[in-house]
Amino acid sequence: MTETFTIAVDGPAAAGKGTIAKALAEHFGFAHLDTGLLYRAVGAKHLLGVDPAKASQTLTAEDLQGDDLRGPEVAQAASKVAVIPEVRAALLSFQRSFACRAGGAVLDGRDIGTVICPQANAKLFVTASPETRADRRFAELAAKGAATSRAQVLADVKERDERDQDRVEAPLKPAEDAIVIDTTELAIDDAIAAAIAVVEPLRVR
Ligand code: C5P
């Protein structure tokens, strides 16, 4: 039988969890799902006037394409629709089946280790100080030519953290059995190596 093995990677915006999740998937030959993209796609539709619950129930693979989803406006819209229980419920079963797919899966998001896949084989919580995360996000946006300031990016990061942590349904927090990786002082290669070092021993049990 083909193995199932699930790695949950949670954490706040711009902590490095997406990069770490991708690298883990590549290292172990697993499939990767960026679950934030689902909420971003719903947020983007909501910005166009579609009811968020309806948007979450009718998402298509095509809705997940496009660079537009990566911008700060869509990020804020995503965290606003992510507080709506009907939206979270509509996105649940797709994420759960992805987590259990044969051949292994890495999912990154906010509630993977706590709600989507509490039985995940490995759980990481990737974090960093808000200032460091804002610096990284600002550098990314500036490289794309976006008109924003570091202060604005920091304010956005903090606003999103607060909304994600304070919501009633599936708030952002580490699972009790998650291993925390703080990337504030870590180069990305070292953060990836730390994540692999956490997961590797769990694989050979
Ligand atoms: O990870 P990313 O920054 O793309 O996520 C955008 C927003 O989607 C987050 O701020 C959060 O509100 C929401 N989200 C969530 N649960 C997840 C993934 C993302 O609530 N599993």
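The values are calculated or read from the model by the stated rules, or taken from the named source; none is laboratory data. These numbers were taken from a predicted model, which means no experiment stands behind them. Just the protein is used for accessible areas: all its heavy atoms, side chains included, with ligands, DNA and RNA removed. Shrake-Rupley method; radii C 1.70, N 1.55, O 1.52, S 1.80 Å.
The table that follows gives values for the structure above.
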{"read-out": "MRE, 222 nm, helices only [DSSP H, n ≥ 4, -39500 (n - 2.57), over the chain, to nearest 500]", "value": "-15500 deg cm²/dmol"}
{"read-out": "Spatial separation of Cα centroids for the range 30-66 and the range 99-155, in angstrom", "value": "17 Å"}
{"read-out": "Solvent accessible area, Å² - Cys100, 1.4 Å probe, full protein context", "value": "70 Å²"}
{"read-out": "Kirkwood Rh in Å, taken over the range 24-174 so that all alpha-carbon pairs contribute", "value": "16.3 Å"}
